[in-house]
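What follows draws every value from the coordinates through simple rules; no lab data is involved. Nothing here was measured: the structure is a model prediction, and the numbers come from that model. Quick reminder, even Gly has a Cβ in these numbers, built from the backbone with ideal geometry, and neighbours come from all protein chains shown.
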Amino acid sequence: MRILYFHQHFSTPMGSTGTRSFEMAKRLLHHGHQVTMVCGSYDGGVTGISASFNKGIRRGNVEGIDVVELELPYSNKDNFLQRTLTFLRFAKRCIRIALFSEYDVLFATSTPLTAGIPGIFARWLRRKKFVFEVRDLWPEIPKAMGVISNPWVLGAMSALEWISYKSAHKLIGLSPGMVDGIIRRGIEPENVRMISNGCDLDLFAPIQQDSVYTDHEQPPQLTAIFSGAHGLANGLDAVIDAAACLKKRQSTGIKILLVGRGSQKEALIKRVSEEQLEEIVEFHDSISKSKMPDIFAEVDLGLQILANIPAFYHGTSPNKYFDYISAGLPVLINYPGWLADQVREYGCGYPIHPNDPEAFASALEQARHDKSTSLLKDMKYNARQLAESQFNRVDLSDQWVQWTTQW
């Protein structure tokens, strides 16, 4: 079967963003299907194509995937207007591809929501099979965050969401909240399937390495890491608040690494400097996913942090969480919901209430103490067991392929 796959932010593991689409495309190939991936130029991604653009497009074969990259640069630092224009330009160019290419099934994945537009045209003008994957509930989440408040814009987004859902033959949600949100728009439950992000068990297999610290350096007693976007949605001021509490308590031996990029990073760096928290909080540039296992081997705890937005509680499926547990890292999560429930049920971390820097600091201190006992080691084992038993990427990918290609 020929699959035309639209993902504006597609990347291979050489990039510093999620690789779900790459992994799913590889699994389609494994099952004997052909895949054409259409994407833009995301600054956190690496498509694997090195040729120059010709008339705004370049094409190449990346591990068996026919990748079509459109010269439409996008960055998380772009303002709202810049992002919107890039999304619309991508959708416009993809409509033409959807109308004139040869394929059997069109698959589109958000974000952005505009990713579904070529699928709408393909469904109604060419009667093509259309599968739509929902990675975020729009406009519910940006509205809840206050990022978008114009009623006309929200109304247009809501209409596009409804049309996209109604046009798709099948829909995929990455979390329980996403599935519920799709069904609330009038979609029959049998047309919706939850297939969450998965764990790359081979890539993130727990390993032991020699310490990166020299003989004359004293390593921190506990090192925690946040690896991901530094944007409004991530709410990383909560990390700085916790660090300030640690400093006030004169608590030592805890290091927090913030790895990534985003619109809020400069402000976070400035705040750490002003509050003299450099001994606790350390910033690093984005690191490709292929190199993250080496970093995770040197840390003790993964930080799953989001702004306190109720829509996030059950409506997100963050890549970093699944990477953490794949590597056998216990997780400190600062908001309730389906992932916090897992951490609690499987005994693989520290769920805390949102907007509580004292509790955050205490959880870090508890993790430092648990490292001196067997408790943190047990949590590491439990995290890896959760990854293997519930979120094996191969198993989830096979479910995804079956749902996408069976008609």
Please pull out the direction-averaged projected area of region 222-390, using the convex hull of its alpha-carbon atoms, in nm² to one decimal place. 8.9 nm²
Percent breakdown of C-alpha pair distances by 5 Å bin, ordered from the shortest bin, for region 46-89: 5, 20, 24, 17, 19, 11, 3, 0
Which order results if R184, R20 are arranged by neighbouring Cβ count within 10 Å, fewest first? R184, R20
Jot down the per residue volume, in cubic angstrom and as a whole number, of the convex hull over the alpha-carbon atoms of region 332-402. 85 Å³
Return the single residue from S110, S175, S158 with maximal mean-square fluctuation; model: Gaussian network over the chain, springs between Cα atoms under 10 Å. S158
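Any idea what the alpha-carbon Rg over 2.2 N^0.38 Å comes to for the chain?
This ratio for the chain stands at 0.99.
Averaging sequence separations of C-alpha pairs under 8 Å and six or more residues apart, then dividing by the length of the chain, give the relative contact order as a whole percent.
15 percent
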Order these by the 10 Å Cβ neighbour count, fewest first: T36, T111. T111, T36
As a footprinting exposure proxy, order D66, D104 by other Cβ within 10 Å, with the fewest listed first. D104, D66
How big is region 88-178 in terms of Cα radius of gyration and Dmax, in angstroms? 13.3, 41
Would you mind telling me the antiparallel percentage of the DSSP bridges in the chain, rounded to 5? 10 percent
For the chain, what is the charge dipole size about the Cα centre, in debye to the nearest 20, if Lys and Arg each add +1 at the Cβ and Asp and Glu each add -1 at the Cβ? 1860 debye
Checking region 212-309 for GluC sites (Glu not before Pro) in a loop per DSSP with at most 15 other beta-carbon atoms within 10 Å yields E217, E275, E278, E279, E298
Expected sort for 164-173, 2-11, 137-146 on mean C-beta neighbours within 10 Å, highest first, is 2-11, 164-173, 137-146
Under 30 Å from the Cα of K371, which lysines turn up, not counting those fewer than eight places away in the same chain? K247, K248, K255, K265, K289, K291, K320, K380
